[in-house]
Amino acid sequence: MTTRELKRKKIDLHTDGRLSIVFLGCGAAFAKTLNQNNILIIKGDDHVLVDCGTKTPRVLFDHGVPISAVETFLITHSHADHVGGLEEAMLTARYVARKKPTVVITPEYEQVLWTESLRGGAEHNERSNGKELRFRDFWNVVRPRKVRGLPRDTRTATIGSIDVKIFRTRHYPQQATSWTDSQISYGLIIDDRILFTGDTQFDGDLVPGFGAKFDLETIFHDVQFFTGGIHASLDEVASLPAAERKRTYLMHYPDSYKDHVSAVDDLGFRGFARELVYYDFA
Ligand SMILES: [Zn+2]
Ligand SMILES: [Zn+2]
């Protein structure tokens with residue numbers, strides 16, 4: 001894996017065929033100096049935007065990509081740093097670009113996303129034959145398929161040449177004891193080689209569970225700098241074995257991350273993920 005800066009600060013939605021990940025931001029929900037922890041996965045002519053937070057349409061615009069140029073979306077969960085820009089994406093597609101983007105989504109999360117987040121700003125914009133608009137008026141839906149033999153209700157989908165597996169995480173509420181009693185929140189395995197935890201509390205069997213099934217070369221793990229709440233603390237993530245820490249970039253961090261750079265280094269992590277850099281996987 002190598003890293004590469006954006007050319008002329010522009011994001012290119014194509015690669016030479018390599019798998020690339022670009023973090024539009026690596027910041028926590030309330031970070032003010034960092035963009036939100038949303039990523040673009042790009043491979044050849046294919047791409048998928050994973051999450052579309054409140055700031056994300058603007059971040060993309062500032063780097064040469066109108067939100068209507070994004071063809072495929074995948075949403076991990078309903079916090080605003082992950083879905084706050086999705087109404088703009090959806091309405092811009094329908095009323096400006098006149099197109100239907102694709103969303104990779106499970107039936108149970110489609111229900112939650114539509115009824116609890118998107119519906120209010122969407123369903124009453126038009127009426128035909130007495131009917132309001134529905135989710136499928138805005139989106140082409142791709143259903144990920146259940147994968148046997150993997151933990152955490154894992155499903156899989158392909159976006160052109162990109163393979164994503166989505167699995168449930170223990171993110172919220174704070175009191176949840178397992179992914180099974182948490183609200184819907186997903187992490188990803190990308191092309192069977194990269195683990196992206198998404199937002200999660202520290203969950204002891206997450207990394208070892210998938211490490212036993214896949215040859216994971218890079219891990220991107222949620223982090224915060226205290227223990228408690230709904231994210232994984234640095235102390236907790238530091239309990240991963242050294243071999244895993246060496247492959248792990250920390251993400252979704254607060255503005256104060258600079259105070260922890262040397263601690264993260266001393267603990268043997270690969271470092272903090274950086275926004276607006278390509279992570280290229282040969
Ligand atoms: Zn978040
Ligand atoms: Zn969250």
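I'd like the FRET efficiency for residue 119 and residue 3, computed as 1/(1 + (r/R0)^6) with the beta carbon distance as r and R0 of 35 Å, rounded to 0.05. Show your work: numbers first, answer last.
On the way: r = 40 Å, r/R0 = 1.13.
Step by step, r from the Cβ atoms, then E = 0.30.
Students often get this wrong: which residues of the stretch 1-33 have the backbone nitrogen under 16 Å from the point 7 angstrom along Cα-to-C-beta of residue 215?
1
If each Cα of the stretch 2-281 is one equal point scatterer, what is log10 of I(q)/I(0) from the Debye formula at q = 0.09, 0.15, 0.16 Å⁻¹?
-0.39, -1.15, -1.32
Per-residue ellipticity at 222 nm for the chain, helices alone: DSSP H runs ≥ 4 residues times -39500 (n - 2.57), over residue total, nearest 500 deg cm²/dmol? Intermediate results must be reported in sequence, preceding the final value.
On the way: 9 runs with 49 residues, N = 282.
Result for the chain: -3500 deg cm²/dmol, rounded to the nearest 500.
What is the fewest-to-most order of 48, 141 by other Cβ atoms lying within 10 Å of their Cβ? The partial results should precede the final answer.
Values: 48 25, 141 14.
Result, fewest neighbours first: 141, 48.
Which ordering of 203, 181 is given by a fewest-first count of other beta-carbon atoms within 10 Å?
Numbers: 203 22, 181 10.
The most exposed by this proxy come first: 181, 203.
What share of Cα pairs, in percent, lie more than 14 angstrom apart in the stretch 153-217? Display every interim value, and only then the final one.
Details: 1145 of 2080 pairs.
Roughly 55 percent, rounded to a whole number.
Any chance you could run the full-extension gain for residue 16 through residue 258? It's 0.36 nm times the residue separation minus the Cα-Cα distance, nm to one decimal.
Numbers: separation 242, 0.36 × 242 = 87.12 nm, distance 3.36 nm.
Length gained between residue 16 and residue 258: 83.8 nm.
Using packing as a proxy for protection, rank 78-91, 189-202, 246-259, 10-23 so that the peptide with the highest average count of other Cβ atoms within 10 Å comes first. Don't skip to the answer; put the middle values down first.
Details: 78-91: 21.1, 189-202: 22.6, 246-259: 19.2, 10-23: 16.9.
Highest-to-lowest ranking by the protection proxy: 189-202, 78-91, 246-259, 10-23.
What spacing in nm lies between the two simple spin-label points modelled at residue 180 and residue 265, each 7 Å away from Cα in the Cβ direction?
Here the answer is 4.4 nm between the modelled labels.
Throughout, read-outs are computed from the coordinates displayed, never taken from laboratory work. Only a predicted model underlies this, so the values are computations on that prediction, with no experimental measurement involved. Please note: Cβ atoms are built from the backbone with ideal geometry, for glycine as well, and neighbour counts cover all protein chains shown.
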